[in-house]
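Input: a single structure, listed below in C-alpha cells.
Bear in mind that the values in this text are calculations on the coordinates, not laboratory data. Just so it is clear, the structure is predicted and the values come from calculations on it, not from any experiment. In this analysis, Cβ positions are derived from the backbone assuming ideal geometry, glycine residues included, and neighbour counts consider all displayed protein chains.
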Amino acid sequence: MKNTWRDLRMSDQKVQELSELLRSLPIHTPEALGLPGFRSVGSVSLKTTDFMTNHRLYSGRATNCGKPTQLMIEAFTDREAEMLQAAQALEEGIASGELHRIPRQPDEIDDRGSTAIEGRLLVRRALARERDPKLRTRKIRQVRRSGRPLRCEVCDFDFARAYGELGEGYIEVHHVTPLYISGTRETKLDDLACLCANCHRMCHRSRPGESWRTPTALREQIRKSAKAAAH
C-alpha cells in the first residue's frame with residue numbers, strides 16, 4: 001500500500017527486512033522455520049505481486065491467491081488508517097519482545113480460517129504492556145540512586161536537557177537481549193538499558209544477517225561512523 005500497490009522485487013531492501021520480520025513472529029513452529037522457502041525473500045516478493053495484481057485498480061491478469069490475501073487487500077483499501085496502525089503495532093511488538101509474551105487465544109482465528117483483523121491484537125498488546133511498568137520505574141530509580149544522569153547509554157541524549165520540564169524523568173528502557181531471543185526469563189535490572197528513542201530503534205533494526213544489536217555494539221558503530229565521517 002505504501003508502495004502505491006506495486007510489487008517489490010527480491011533485491012529490494014524492504015522485502016529483505018519484511019522477510020526477517022515475518023519469520024520472527026512468535027506463531028511459527030520449528031518445523032515451518034526449518035523450511036528454506038518459509039517466509040523467504042522470494043516468497044515475500046511473490047506475495048507483493050499477489051497484492052498488486054488482485055487489487056481492484058489493477059487492470060492486468062490477477063495471480064492466483066488465497067482468500068486471506070484478498071481479505072487483507074480489502075482491509076488495507078477500506079480501513080487504511082486502522083490497518084497501518086495494526087501493522088505498526090505488530091512491528092513494534094516484535095522489536096520490543098512484547099508480542100512474544102502474549103499467549104495465543106482461541107479467538108485469533110475467525111470462522112473463515114483467517115487471522116482476525118479487527119484490532120483485538122492491539123487491545124491485548126496494550127494490556128500486556130501494562131504488566132511491567134514497575135520494572136521500568138525500578139530501572140530509572142536505580143540509575144538515579146547511583147548518581148548517574150538519566151540519559152541514553154549509547155549516545156548520551158538527555159531528554160530533560162533537550163525538552164526541559166517536558167522531558168524530565170523520561171527515558172526508554174530496553175532489554176539488552178531481546179525477549180524473543182532469550183525466551184521466557186526473570187528479568188533483572190542489569191538486563192535493561194536506558195536508551196533514547198532513536199538508539200532504541202537502531203538496536204532493534206534488522207538488516208540481512210543481523211536482526212538486532214546490543215547497546216554496546218551500537219555505541220561502537222556510532223564511534224566508527226563518526227571516525228569515518230571525520231576523514
| Counted charge near Glu168, where neighbours are those whose Cβ lies closer than 11 Å (Asp, Glu -1; Lys, Arg +1) | -1
| query | Can you work out the FRET efficiency for the pair Asp191 and Lys14, with r the C-beta to C-beta distance and R0 = 35 Å, to the nearest 0.05? | reply | 0.65
| field | Normalised per residue, the volume of the convex hull around the Cα set of segment 1-74 (Å³) | value | 106 Å³
| Debye intensity ratio in log₁₀ form over the Cα atoms of segment 36-85, taken at each q of 0.14, 0.15, 0.26 Å⁻¹ | -0.39, -0.45, -1.03
| Are any of the pairs Lys188/Lys224; Lys14/Lys47; Lys14/Lys227; Lys139/Lys227 more than 20 Å apart by Cα-Cα distance, and if so, which? | Lys188/Lys224; Lys14/Lys227; Lys139/Lys227
| Extent along principal axes [Cα atoms of segment 156-231; Å; largest to smallest] | 37, 37, 18
| query | When you count, for each residue, the other Cβ atoms within 10 Å and take the mean per peptide, how do 191-201, 22-32, 47-57 rank with the highest first? | reply | 191-201, 47-57, 22-32
